[in-house]
Amino acid sequence: MLSQLPEQADPRRLCEQGKRYEGRVALQDLARLAPLLASTEGEAAFTLAFDHDETNRPRVRGTVRAELQLCCQRCLQSMPLVVDAAFQLSPVSGPEEAERLPAEYEPLLLDERLLHPMDLVEDELILAIPPAPRHSVADCGVDMADYRQEPAPEAPQRKENPFAALRMLKRDSED
Ligand SMILES: [Zn+2]
């Protein structure tokens with residue numbers, strides 16, 4: 001049975017109740033994700049299923065699908081990233097309990113009893129974003145020959161563009 005995703009809930013209780021959710025969320029409503037995107041237009045589709053496995057361990061299984069618009073760190077144009085992720089979590093109260101989890105589970109560490117279930121969806125989208133997203137060379141707006149040999153002409157823009165500063169840092173760290 002599908003239910004409306006609660007704002008917050010005790011995940012162990014949701015597991016006892018065998019709750020299942022399916023829905024869509026506007027990307028602009030995900031406050032931690034939104035600043036990482038070139039555009040917050042669009043939605044993510046998700047499913048969340050709370051139950052117990054065959055050893056009676058509480059588990060949360062979820063899927064998230066979305067097309068995110070990231071900012072290419074080379075040409076600063078937007079680039080699409082298709083996310084189609086599945087995850088399996090088990091609620092734990094601390095690191096020791098997390099270490100005892102079977103390998104197929106990610107720990108869902110609960111600082112407090114209550115969880116914002118939408119955080120699980122948002123976390124998965126954030127995890128899917130590479131640290132320095134870049135187009136493939138063929139799709140990128142920057143001509144690689146220019147990029148490698150003539151960085152100087154870009155200099156006047158760097159002061160104004162925080163992403164260009166990031167790119168400089170990245171390049172320095174690669175040297
Ligand atoms: Zn690019």
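What follows draws every value from the coordinates through simple rules; no lab data is involved. A quick note: this is a predicted structure, and the numbers were derived from the prediction, not measured. Positions of Cβ are generated from backbone atoms using ideal geometry, with glycine treated the same way; all protein chains shown enter the neighbour counts.
Structural remarks
- Karplus-derived 3J(HN,Hα), 6.51/-1.76/1.60, for each residue of the range 42-50, Hz, glycine and proline x: x, 9, 10, 9, 9, 10, 9, 10, 9
- Percentage of interatomic Cα-Cα distances in the range 45-105 larger than 20 Å: 48
- For GluC sites (Glu not before Pro), the sites in the range 7-57 that DSSP calls loop and that have at most 11 other Cβ atoms within 10 Å are Glu7, Glu41, Glu54.
- Working from the Cα coordinates of the range 11-139, the gyration tensor eigenvalues give, after taking √(5λ), semi-axes of 31, 16, 12 Å in decreasing order.
- FRET efficiency, Ala138 to Glu41 (Cβ-Cβ, R0 41 Å, nearest 0.05): 0.95
- Loop trypsin sites (Lys or Arg not before Pro), the range 1-95 (other Cβ atoms within 10 Å of the site Cβ: 11 or fewer; DSSP): Arg32
- Long-range HN-HN contacts of Asp10 with modeled amide H, under 5 Å: Leu115
- Per-residue Cβ neighbour rank within 10 angstrom, fewest leading, Asp111, Asp84, Asp51, Asp123: Asp111, Asp84, Asp51, Asp123
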